[in-house]
Amino acid sequence: MKRLLFMPSILALILGAATILQAKEITVRGKLQKTVEAGGWLIVAGDTKYLILNPTNFQKNDWFKESTNVEAVGEVKEVMTTFMEGTPFEVKTMQPADQPRPDQAATTPGGNENRRLTRVMVTGDSIVQAQPDTAILTISVVTQNRAAIQAQQENAANTDAVVRVLKTVAGTGAEVKTSGYSIQPQRVYKEGQPPTITGYEVRNSITVTTSDLTKVGPIIDAAAQAGSNDISGIAFTLRQDRPARDRALGEATQEAVGKARMIANALGGRVVRIVEVQEEGFQLRPPVPVYQTDSFLAGAKSAVATPIEVGSLEITSRVQVIAEVESNL
């Protein structure tokens, strides 16, 4: 009698029959994957595999295929199967994970089933001030003459004098280079007549880049005294702007996340996760120039040294954040 009772249990184990010991309902999110056994399906959630005991209930759906992300609700069955590939899982409901549930609700074990997930989009802005460490000056020598060759030769002599003085005053750490050169005819227009060339204008532009901001005024004075008659202005900037940019980016991100939390609190919920963060870019606003060209030249050609007040740079950053908020509204 004992042998007759024992043999059927062994046969049932070989054929994959199961004896249910215990069950509990859970929600599983993962990817569909075929098993080593033909016709079998798994839900792979990270390092855990769940063997679907009733895949035929869902195979008629067009989304039921390998690599589809799904969310399934069902019961874990402590059973014995032939291959034991994964935790046996009897599914009650299943749908693609990127689609909301029919009731638009997101629940957690022991939570309120009326709580919902809402996505909110917020932006964060930040303005960081930094002291510039580099000045860029554009200095030009402009000459005019009825003959092009004479205008060119006069310009060459004046420019050579200006460059030599600039290199001396700016020092070895500065960069002095030619940034533009042009010869333009000067024309007179009379009604009903073709334009007449009355002379030529030669312009030679020099760019001076220096990290010693105390030398900006002396450079302007020396250039004007040596023969420069057009100083376009000054640009202040940062050679190493990464620390300031990182600070602006971090503050903009914190502001955006703070806005998301404020919205969640207003809805009576909380921020579940940050879905997406997008940097919308940086902008560097240089200080407004203190002096225009005429003021530069007036001070430079007089006995009074040209004063230069260096302001602060403004580095702005904007970040867009999409957050998932859980609430009961």
- prompt: Out of (1) modelled with pLDDT under 95; (2) closer than 30 Å to LEU238 by Cβ, the odd one out for VAL208 is which?
  reply: (1)
message: Out of everything in region 127-146 that is in contact with a Lys or Arg (Cβ under 6 Å, 6 or more places away or on another chain) and among the aliphatic types (A, V, I, L, M), what residue ends up being surrounded by the most Cβ atoms within 10 Å (Cβ to Cβ)?
response: VAL128
statement: Of the candidates GLY258, GLY233, GLY268, the one satisfying the condition of being at pLDDT 90 or above and surrounded by fewer than 18 Cβ atoms within 10 Å (Cβ to Cβ) is GLY258
- prompt: Which number in (1) in contact (Cβ under 8 Å) with a residue 40 or more places away in the chain; (2) not charged (D, E, K, R); (3) not in a loop (DSSP other than H, G, I, E, B) marks the one condition that SER182 misses?
  reply: (1)
message: Filter region 76-92 down to the residues that are at negative phi and either modelled with pLDDT of 90 or more or part of a loop (DSSP other than H, G, I, E, B) (or both) and list them by number.
response: GLU78, VAL79, MET80, THR81, THR82, PHE83, GLU85, GLU90, VAL91, LYS92
message: Given the condition among the acidic types (Asp, Glu) and farther than 28 Å from GLN283 by Cα, answer yes or no: does some residue in region 208-218 qualify?
response: no
- line: All conditions in (1) surrounded by 16 or more Cβ atoms within 10 Å (Cβ to Cβ); (2) of a type in the set (Ser, Thr, Tyr); (3) outside the structural domain of VAL122 (by TED's automatic domain parsing) are true of SER211 except (1)
Criterion violated by GLU66 - all others in (1) touching a helix residue (DSSP H, G or I) at 6+ places or on another chain (Cβ under 9 Å); (2) assigned to a loop (DSSP other than H, G, I, E, B); (3) modelled with pLDDT of 85 or more satisfied: (1)
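The values are calculated or read from the model by the stated rules, or taken from the named source; none is laboratory data. In this text, all values refer to a predicted model and were calculated from it rather than measured experimentally. All Cβ positions, even for glycine, are placed from backbone atoms using ideal geometry, and neighbour counts span all protein chains on display.
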